[in-house]
Amino acid sequence: MDRIRHVALSSVTLPLDVPISDAKVLTGRQKPMTEIAFLFAEIATEDGHSGTGFSYSKRAGGPAQYAHAKEVGENLIGQDPSDIGKVYESLLWAGASVGRSGVATQALAAIDVALWDLKAKRAGLPLAKLLGAYRDSVRTYNTSGGFLHAPIEEVKARATQSLADGIGGIKIKVGQPDMKEDLRRLAAVREHIGDDVPLMVDANQQWDRPSALRFGRAVEELGLVWIEEPLDAYDAEGHAQLAAALDTPIATGEMLSSVAEHVRLIEARAADIIQPDAPRVGGITPFLRLATLADHAGLQLAPHFAMEIHLHLAAAYPREPWVEHFEWLNPLFNERLETRDGRMIVPDRPGLGFTLSEQCRKWTVDSVAFGRA
């Protein structure tokens with residue numbers, strides 16, 4: 001029986017090439033995003049096995065995740081890394097007074113992902129295969145070229161490049177103060193890419209119920225794959241009303257930070273496509289619980305961000321899913337994911353299939369270790 005002998009935690013800040021703006025910026029709720037904070041966990045065992053995982057936070061929250069992980073991380077030493085559920089419970093109880101959602105479990109996500117990475121590596125399998133894959137590739141769409149700070153000609157050019165690179169769908173941001181501008185940009189992109197290319201939009205929670213319904217009715221003829229986060233993330237009733245009223249599917253869930261919050265969406269029939277984020281809900285262990293519930297409810301799956309993790313989880317989902325393509329994290333890793341014919345290919349490397357780059361090490365702002373190196 002193997003034991004965890006060493007744990008290293010690192011706080012890493014990834015700078016973005018250009019400030020990123022979505023509807024929350026244009027409506028004054030947030031400032032443009034210039035960096036992403038990551039928490040990395042690296043775990044080693046007595047028998048020489050290792051695993052790496054990460055969580056993240058956009059804007060505030062990264063230092064809090066790191067601080068909480070530092071407080072509970074020593075509890076890992078001496079535990080059997082195969083007992084992922086047991087280990088997870090021990091860390092939850094170590095920080096029980098701060099709850100089981102948000103930062104409290106996002107800090108554990110990096111550790112949980114590292115344990116799953118380790119388990120798959122020890123088996124000599126990609127994580128998707130360890131979980132029980134339904135497919136060796138997953139439909140993929142690009143978001144990073146469709147942000148609101150980009151002029152429409154740039155959005156169109158990025159869409160062309162994404163399709164040439166083997167990405168299958170294009171998502172653009174909407175939710176500007178003037179809805180007419182959203183409709184103009186959307187119509188321009190649809191005309192540019194043609195009717196046969198899957199097209200999605202993301203409003204980032206910026207509309208009230210009447211505005212969302214008005215937009216949904218205005219774009220029905222465009223054949224969108226989905227309208228994402230048209231309302232406040234916690235407005236399950238409003239999303240349910242939209243899902244019932246529109247032919248275009250409703251997608252939401254990325255901002256929720258626990259399985260329990262997603263259960264409310266599922267029970268309210270508030271989404272046609274659910275978009276959980278493994279680092280945000282606390283890791284792969286809770287994500288798998290949520291995926292079972294979503295499949296039972298007949299929902300499609302399109303995990304948010306972190307394609308390095310979500311490709312494997314989507315490949316193991318019974319219903320044909322989508323994975324969001326973001327190249328932002330590329331500098332953190334030595335390896336790259338392949339896209340071909342509109343799909344993202346599950347790598348044949350064991351575990352998640354990634355190792356940390358030297359650049360990632362250089363962007364480390366703080367680190368701590370427990371156990372024996």
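The values are calculated or read from the model by the stated rules, or taken from the named source; none is laboratory data. Computed from a predicted structure; not experimentally measured. As a convention, Cβ positions derive from the backbone with ideal geometry for all residues, glycine included, and neighbour counts pool all protein chains shown.
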* Asked: Name the residues in the stretch 267-299 that are outside any loop (DSSP other than H, G, I, E, B) and of a type in the set (K, R), would you?
  -> R280, R289
* **Qualifying position, being in contact with an Asp or Glu (Cβ under 6 Å, 6 or more places away or on another chain), surrounded by fewer than 22 Cβ atoms within 10 Å (Cβ to Cβ) and within 20 Å of G145 (Cα to Cα), among Q176, Q205** => Q176
* Structure fact -> Going through the stretch 192-216 in order, the residues found to be at pLDDT below 95 and basic (K, R) are none
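Please state which one of A157, A243, A188 is touching a helix residue (DSSP H, G or I) at 6+ places or on another chain (Cβ under 7 Å), part of a helix (DSSP H, G or I) and of a type outside the set (D, E, K, R).
A188
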* **Check on A60, out of contact with any helix residue (DSSP H, G or I) (no Cβ under 7 Å at 6 or more places or on another chain) and modelled with pLDDT of 95 or more** => no
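Rundown of residues vs (1) closer than 25 Å to Q65 by Cα; (2) touching a residue at least 24 places away in the same chain (Cβ under 8 Å); (3) small (G, A, S), yes/no style:
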site: V201; (1), (2), (3): no, yes, no
site: V219; (1), (2), (3): no, yes, no
site: G238; (1), (2), (3): no, yes, yes
site: L256; (1), (2), (3): yes, yes, no
site: P279; (1), (2), (3): yes, yes, no
site: L301; (1), (2), (3): no, yes, no
* Limited to the stretch 220-234, what total is found for residues that are crowded, with 21+ Cβ neighbours inside 10 Å and closer than 17 Å to Q206 by Cα? -> 6
* Does A41 fit the bill of being closer than 24 Å to E335 by Cα and in contact with a Leu (Cβ under 7 Å, 6 or more places away or on another chain)? -> yes
* Asked: Is it the case that some residue within the stretch 119-126 is within 18 Å of A306 (Cβ to Cβ), modelled with pLDDT of 95 or more and either crowded, with 20+ Cβ neighbours inside 10 Å or among the polar types (S, T, N, Q) (or both)?
  -> yes
* Asked: Within the stretch 160-177, which residues are of a type outside the set (V, I, T), in contact with a helix residue (DSSP H, G or I) (Cβ under 8 Å, 6 or more places away or on another chain) and part of a helix (DSSP H, G or I)?
  -> L163
* To do: Could you grab me the full set of residues in the stretch 305-316 that are surrounded by fewer than 24 Cβ atoms within 10 Å (Cβ to Cβ) and not acidic (D, E)?
  => F305, A306, M307, A316
* Asked: Taking the stated definitions as given, is L130 touching a Pro at 6+ places or on another chain (Cβ under 7 Å) and at pLDDT 95 or above?
  -> no
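Every residue, every condition in (1) at pLDDT 95 or above; (2) surrounded by fewer than 18 Cβ atoms within 10 Å (Cβ to Cβ); (3) in contact with a helix residue (DSSP H, G or I) (Cβ under 7 Å, 6 or more places away or on another chain), yes or no:
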residue: A270; (1), (2), (3): yes, no, yes
residue: I273; (1), (2), (3): yes, no, no
residue: P318; (1), (2), (3): yes, yes, yes
residue: V323; (1), (2), (3): yes, no, yes
residue: R336; (1), (2), (3): yes, yes, yes
residue: R340; (1), (2), (3): yes, yes, no
residue: Q359; (1), (2), (3): yes, yes, yes
residue: T364; (1), (2), (3): yes, yes, no
* **Filter pass, L301 being under 21 Å from V197 (Cα atoms) and buried (at least 20 other Cβ atoms within 10 Å of the Cβ)** => yes
* To do: May I ask you to list pairs of residues, at least six apart or on different chains, whose Cβ atoms are under 7 Å apart, with the first in the stretch 157-185 being touching a residue at least 60 places away in the same chain (Cβ under 8 Å) and the second being among the β-branched types (V, I, T) and in a loop (DSSP other than H, G, I, E, B)?
  => G169/V197; G169/V225; K171/T143; P177/T27
* Asked: Can you tell which of A114, A123, A96 is touching a helix residue (DSSP H, G or I) at 6+ places or on another chain (Cβ under 7 Å) and not acidic (D, E)?
  -> A123
* To do: Given the conditions (1) modelled with pLDDT under 95; (2) of a type outside the set (S, T, Y); (3) closer than 17 Å to D2 by Cα, report the number of the one that P151 does not fulfil.
  => (3)
* Test set (1) outside the structural domain of G51 (by TED's automatic domain parsing); (2) surrounded by fewer than 23 Cβ atoms within 10 Å (Cβ to Cβ); (3) not in a strand (DSSP E or B) - R139 fails condition number -> (3)
